[in-house]
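> Once you've had a glance at the structure underneath, I'll fire off some questions.
The values are calculated or read from the model by the stated rules, or taken from the named source; none is laboratory data. As the structure is a computational prediction, the values presented were derived from the model and not from experiment. Note that each Cβ is placed from the backbone with ideal geometry, even for glycine, and that neighbours are counted across all protein chains shown.
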Amino acid sequence: MAAGGTQSDIHRTILATWRIEQPRLIASLSRMLRDLPLAEELTQDTLVAALERWPEAGVPDRPGAWLMATAKRRAQEHLRRTPMLTRRHAMIAVSLEAEQNAMPDIDFALDDDIGDEMLRLIFTACHPLLPSPSRALLALRMICGLTTGEIARAFLLTEAAVAQRIVRAKRLLSESGLAYETPCADERAKRLPAVMEVIYLIFNEGYTAARGDHWLRPELCDEARRLGRILVSLTPEEPEVHGLVALMELNASRNGARTSPEGDPILLMEQDRRRWDLVQIRRGLNALAQAQALGGGFGFYGLQAAIAACHARAGAPEDTDWASIAEIYAQLSALTHSPVVELNRAVAVAMVAGPAAGLEIVDRLTEAPELRNYHLAPSVRGDLLERLGRMEEAHRAFVFAATLATNDRERGLLETRARRCAR
């Protein structure tokens, strides 16, 4: 065991190691047990074991190996406790024995042309047996480690609804008797939309964190971009995959300018564009061009990437082609029928035709159930009212938005804007 350190240092080490090792642990146990929900449960038990053991004994010299050994031991204990057919028990026991004696990582290389543990497991979890919305929920919760609250914010659902769907999805998988193997190429094509959605939502949580004291979680943005690039190598003829990569690269190019040195949010029109990452912008524009060359660029991800490209090409805020952005949002709205997209279109329309035109769109959205607890709806309304000089109404809108915000930094920004309107 390594030297101890403070309790908080050890806890940070555990959580950092956990984020890296969790996909590998779940992948290994799911192959052994042929039960993904059970693998996830035993992996969580392993985290608890580390939280109990490491503060007393110190961090192991090889923390990842410790977690894997503990997880496999718990899997063996589960098999010994659980009645099952003798033949099935014997087969799994042989599999466990073989895995323990194998060279590291050999098991992950077998029967797999994906080549990445995280992406392979996302494909595995996005099983067509599950209802379409539940596939992404399950993958985000079990594999990617997002909390129920973070997922609820991404889908504009309540935490209770998300929790119920995840429980039902786990039960359905457990009772199905399915083998948890890497899907073949034909099967992967059926799962591709759900896999793209998972990667997109991982990126979004990194781009604007749902909770906590940090507005950005750049490690999640980086992981999503990495997964997107691998997905492109697996499906080079899919234009929407290129569109997804373009969207992530272009949005991530602004991360260096989106927060102050103290971590406070800086809105798009106030950012120092010299701090935008030109390499990422080039990557994003190239990916968007590839999507369009393949006859795409007009799907959910391609259209959003086209909007991000308009911002990337503008050297200064006043150079932004807001008319094109408003038109692309209109196409995206017709495609998705999403009130969130309409809310964004209202912002673009306000930049073209004035804040009153944007406010008219926002006011038509007030009854949309999806926006009832969405803090950006009253935030956008407050911004438009402020620009119209209706300060008292703007103040109330920003105060309400702050009560809905679950991220501390966003709440602070909204409270500051509310105070400014009050003055």
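> Check whether at least one residue in the range 371-386 is touching a Leu at 6+ places or on another chain (Cβ under 7 Å) and among the polar types (S, T, N, Q), and report yes or no.
yes
> So which of Ala346, Ala305 ends up being under 22 Å from the mean Cα position of the chain (by Cα) and touching a residue at least 12 places away in the same chain (Cβ under 8 Å)?
Of the residues listed, the single one that is under 22 Å from the mean Cα position of the chain (by Cα) and touching a residue at least 12 places away in the same chain (Cβ under 8 Å) is Ala305.
> Return a yes/no flag: does the range 44-65 have any residue that is closer than 30 Å to Leu130 by Cα, at pLDDT below 75, within 29 Å of the chain's Cα centre (by Cα) and charged (D, E, K, R).
There is no residue in the range 44-65 that is closer than 30 Å to Leu130 by Cα, at pLDDT below 75, within 29 Å of the chain's Cα centre (by Cα) and charged (D, E, K, R).
> So Ala330 clears everything in (1) farther than 26 Å from Thr259 by Cβ; (2) over 23 Å from the mean Cα position of the chain (by Cα); (3) buried (at least 18 other Cβ atoms within 10 Å of the Cβ) except one condition, right? Which one?
Single failed check for Ala330: (3).
> Here is a further query. Being surrounded by fewer than 23 Cβ atoms within 10 Å (Cβ to Cβ) and assigned to a loop (DSSP other than H, G, I, E, B) is the filter here; which residues of the range 128-145 pass it?
Within the range 128-145, Pro128, Leu129, Leu130, Pro131, Gly145 meet the criteria.
> Looking at (1) under 28 Å from Asp272 (Cα atoms); (2) free of Cβ contacts under 8 Å to residues at least 60 places away in the same chain; (3) under 29 Å from the mean Cα position of the chain (by Cα), which is the only condition Leu388 fails?
(3)
> For the range 237-274, how many residues meet the condition of being acidic (Asp, Glu) and not in a helix (DSSP H, G or I)?
Total satisfying the criteria: 5.
> Could you count how many residues in the range 165-184 are of a type in the set (A, V, I, L, M, F, W, C) and modelled with pLDDT of 75 or more?
5
> Does any residue of the range 200-207 turn out to be assigned to a helix (DSSP H, G or I), outside the structural domain of Leu15 (by TED's automatic domain parsing), surrounded by 15 or more Cβ atoms within 10 Å (Cβ to Cβ) and at pLDDT below 80?
There is no residue in the range 200-207 that is assigned to a helix (DSSP H, G or I), outside the structural domain of Leu15 (by TED's automatic domain parsing), surrounded by 15 or more Cβ atoms within 10 Å (Cβ to Cβ) and at pLDDT below 80.
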